[in-house]
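Accompanying notes for the structure given below.
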Amino acid sequence: MEKKACSNSLAVKTSHVLPPDTNSFGTLFGGKLMAHIDDVAAISASRHARKPVVTASTDSVDFLAPVKEGHSICVEAFVTWTHHTSMEVFVKAVTEDLLTGERSVCTTAFLTFVAIDENGKPTPVPGVIPESEHEKKLHHLAADRAEQRKQRREQSKEFAHIFGTDYPWNRG
């Protein structure tokens, strides 16, 4: 399978932040921003794999700046690294005051997607070729992030086993 440049998977979406998208403080709901992030990252992963994808994980999403009603939100994503069937996608969200032109990065995140075949089973994906210095830096550190995700997933499985499906107050 031939490797692809990170830039081949670039996906960008800009949206106007309207009143129904905001909380009582007039800023974008965090969940709404996370939906934008997942959507654009999935497009990026599908573009890279040219196959359907499913979200496997979302690393911490830190809200660095508020996204205000009337501003825009621009979400950019590209594949930074791949494993056999999985892809790490870097996402950056930028908010812009459309009246002044002031822009700021409001969120960055890494998501992992798995490509699936027609039977819903994981299927191989091409590798990536980082070209810019930023892409090379992200690619170089990706294996460490993947190991951290693996450890976090094992801890999540342990919590799921410990707590099970019952509410704690229903246990004897």
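Values in this text are rule-based calculations from the coordinates and carry no lab data. The model shown is predicted, which means the values in this text are computed figures rather than measured ones. Every residue, glycine as well, gets a Cβ built from its backbone with ideal geometry; the counts of neighbours run over all protein chains shown.
Give, in whole angstrom and from largest to smallest, the semi-axes √(5λ) of the equivalent ellipsoid of region 88-154, with λ running over the eigenvalues of the Cα gyration tensor. Each step should come with its number before you reach the end.
Numbers: eigenvalues 170, 53, 41 Å².
Values for region 88-154, descending: 29, 16, 14 Å.
With θ taken as phi - 60° and the coefficients 6.51, -1.76 and 1.60, list the Karplus ³J(HN,Hα) couplings across region 41-51 in order, rounded to whole Hz; mark glycine and proline as x.
Working through the residues one at a time gives 5, 5, 4, 4, 5, 5, 4, 5, 7, 6, 8 Hz.
With a cut-off of at most 11 other beta carbons within 10 Å, and DSSP calling the residue loop, which GluC sites (Glu not before Pro) in region 1-95 qualify? Please list them.
Those that pass, being in a loop and sparsely packed, are GLU2.
When only Cα pairs under 8 Å and 6 or more residues apart are kept, what is the percent relative contact order across the chain?
Relative contact order, the chain: 25 percent.
Within 10 Å of each candidate Cβ there may be at most 15 other Cβ atoms; applying that plus a DSSP loop requirement, which trypsin sites (Lys or Arg not before Pro) in region 8-80 survive?
Qualifying residues, ordered by number: ARG50.
Quick one: Karplus J couplings for region 111-118, per residue in order, coefficients 6.51, -1.76, 1.60, θ = phi - 60°, nearest Hz, x for Gly and Pro?
Once rounded to whole Hz, the list reads 10, 10, 10, 10, 7, 10, 8, 5.
Using only the Cα atoms, work out Rg/Rh for region 35-110, with Rh taken as the Kirkwood radius, to two decimals. Walk me through the intermediate numbers first.
Numbers: Rg = 13.7 Å, Rh = 13.2 Å.
My calculation of the ratio gives 1.04.
Return the FRET efficiency for the residue pair ASN119, HIS83: r is the Cβ-Cβ distance, R0 is 22 Å, and the value is rounded to the nearest 0.05.
0.65
For LYS68, go through the lysines and keep the ones whose alpha-carbon is under 29 Å away, minus same-chain ones fewer than eight residues off.
Within reach: LYS13, LYS32, LYS92.
Run lengths n ≥ 4 of DSSP H only: what is the helix-derived mean residue ellipticity at 222 nm for the chain, with -39500 (n - 2.57) per run over all residues, to the nearest 500?
-10500 deg cm²/dmol
At a temperature of 25 °C and a viscosity of 0.890 mPa s, determine how fast the chain diffuses translationally according to Stokes-Einstein, using the Kirkwood radius over alpha-carbon pairs as Rh; express D in µm²/s, rounded to the nearest whole number.
140
Measure off 7 Å from each Cα along the Cα-to-Cβ vector at GLN155 and SER7, then give the distance between these two points in nanometres to one decimal.
Label-label distance for GLN155 and SER7, simple model: 3.8 nm.
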